[in-house]
1. In region 295-305, is there at least one residue being in a strand (DSSP E or B) and touching a strand residue (DSSP E or B) at 6+ places or on another chain (Cβ under 9 Å)?
2. In the set 291, 322, which member is under 25 Å from residue 131 (Cα atoms), touching a helix residue (DSSP H, G or I) at 6+ places or on another chain (Cβ under 7 Å) and part of a strand (DSSP E or B)?
3. So the check is Cβ under 6 Å with 6+ separation or different chains; which pairs have a first residue in region 531-556 that's within 18 Å of residue 577 (Cβ to Cβ) and not assigned by TED's automatic domain parsing to the domain that holds residue 338 and a second one that's surrounded by fewer than 15 Cβ atoms within 10 Å (Cβ to Cβ) and at pLDDT below 85?
4. Across region 442-463, what is the number of residues that are in contact with a helix residue (DSSP H, G or I) (Cβ under 8 Å, 6 or more places away or on another chain) and either modelled with pLDDT under 95 or part of a loop (DSSP other than H, G, I, E, B) (or both)?
5. Given 286, 294, which one is within 30 Å of residue 394 (Cα to Cα), in the same structural domain as residue 425 (by TED's automatic domain parsing) and modelled with pLDDT under 95?
6. Kindly indicate whether any position in region 328-347 is in contact with a strand residue (DSSP E or B) (Cβ under 8 Å, 6 or more places away or on another chain), more than 30 Å from residue 148 (Cβ to Cβ) and in a loop (DSSP other than H, G, I, E, B).
7. Return the residues of region 466-486 that are surrounded by fewer than 24 Cβ atoms within 10 Å (Cβ to Cβ) and either without any contact (Cβ under 8 Å) to a residue 12 or more places away in the chain or touching a helix residue (DSSP H, G or I) at 6+ places or on another chain (Cβ under 8 Å) (or both); say none if nothing qualifies.
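The values are calculated or read from the model by the stated rules, or taken from the named source; none is laboratory data. Note that the structure is a prediction, hence the values are computed from the model and not measured. FYI the Cβ positions are ideal-geometry reconstructions off the backbone, even for glycines, and counts take in every protein chain you see.
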């Protein structure tokens, strides 16, 4: 039986090898790349999608999935008379130096290009908000939410790609160079991250959808916004592969960049216990907490909008602070990301981790173990409690009433109370680099431009690698990262379809597993060929997602068939992963809070 297995896997590996020809190569399988692939295929393009990982979604699948859209039926149903003109004014006012052309296009087309397209795929939006507490910059609620967060947005687009015979995926490929021949981009060179094999793929157009650079600390510091000063510590909090690779690829063939110092920095960064040495962070929120600086004093409205609060944080000396809350507040803290919805997991790894969060039975002892001035912290907490009794924050005018309604209709937090119930907690927080708002210079067709603002033949870009075309300027309305990335992916595909000559018909759909030659069904324990514990311990190159999910599976003591039912019993010739079936399994890890 083992020789049959080896033969089956060898055959599958050969079949999965990269094709050499396509109409367009899309680099990156995040929301911009997948939107481009789906749109391109519907326009008759042969699309090859390459990604460094082995799974779809990029940073989008790990996000809250919120989208900024103007003038939708949901807004009207809720009584919000939003218009593209109002949205345009909001973008330009908050962003300060936003790209007016992209703002105008997005504000006018977001309803058609995003809302109508996604709802036609079955996406259902069940909430719309301003995107946060305080003044978020939105005149009307236009941050559209769905019950499955980022997964709920990205999975329907990916499924559309899988259904299309015009889209082919090539996983675990790191693109190292753009092929430049006869004065234009004609393909890519790269390597297989698992085997090390060299890869060359050809196409008359290449679309870069590689994401931003906010997980590259060197680039984050190099391009840090000058008006924020230099932080002593900054955590990186974007996708694993958000390293700015697309910038280097494009610059090598003459591409220009713009506003690389436009970065969206969050204030609620706590070190990720899984990646302490790498300086990665998590978005941590304790709605009942107060924030104190190194001098033990409050310095801002803790639930204020990001734009003013990050400036207040960076003015502290040093630019860090502690969230202080009590046992009641500890019941309502949250960590952003689908892999942090398990209450036991986030409490054990973060709240009860003394490296990240200090705890004590009194405020004075808490201040001491956190290294803060005891008398000042005691006075700060006492003043907060007095203001709670009076029902007004006279220091920073924080809203003490219940926070805005969330997806399920329940308040995010049912009002604030005193910090009085032990044990007490202090979590040290840092600036968190999250999103790039500058990048490759593009026009409204998503063609990459050189320093003379001339299109580089054959090269396109969409999404965060372009800073979403500069649509946000220096500050972003919430939902204006996923939304513009999706829009740019679709527009880029349309531009490529209009520019690329196609003389061959799209390939026929691949035969289904049932149509393949099959042998006799045999029931074998999965461990016969897949010694999972050993494989995970090896930490092989290119298997980061494999290791992560299978470690969780072993921790939960799950049977393999929970995720791979379609592969049992073993039948030679069709024993391979069904990508469409696997999409639904993502929810085992990408849990939703409600």
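1. Our first condition is that a residue be in a strand (DSSP E or B); within region 295-305, this holds for none.
The answer is no; no qualifying residue exists.
2. It is 322.
3. Close Cβ pairs satisfying both conditions: 536/551.
4. Qualifying residue count, region 442-463: 4.
5. Result of the check over 286, 294: 286.
6. Scanning region 328-347, I find no residue that is in contact with a strand residue (DSSP E or B) (Cβ under 8 Å, 6 or more places away or on another chain), more than 30 Å from residue 148 (Cβ to Cβ) and in a loop (DSSP other than H, G, I, E, B), so the answer is no.
7. 473, 474, 475
For every residue, the table says whether it meets (1) assigned by TED's automatic domain parsing to the domain that holds residue 56; (2) within 19 Å of residue 305 (Cβ to Cβ); (3) crowded, with 22+ Cβ neighbours inside 10 Å.
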| site | (1), (2), (3) |
| --- | --- |
| 114 | yes, no, yes |
| 120 | yes, no, no |
| 131 | yes, yes, yes |
| 137 | yes, yes, no |
| 140 | yes, yes, no |
| 147 | yes, no, no |
| 154 | yes, no, yes |
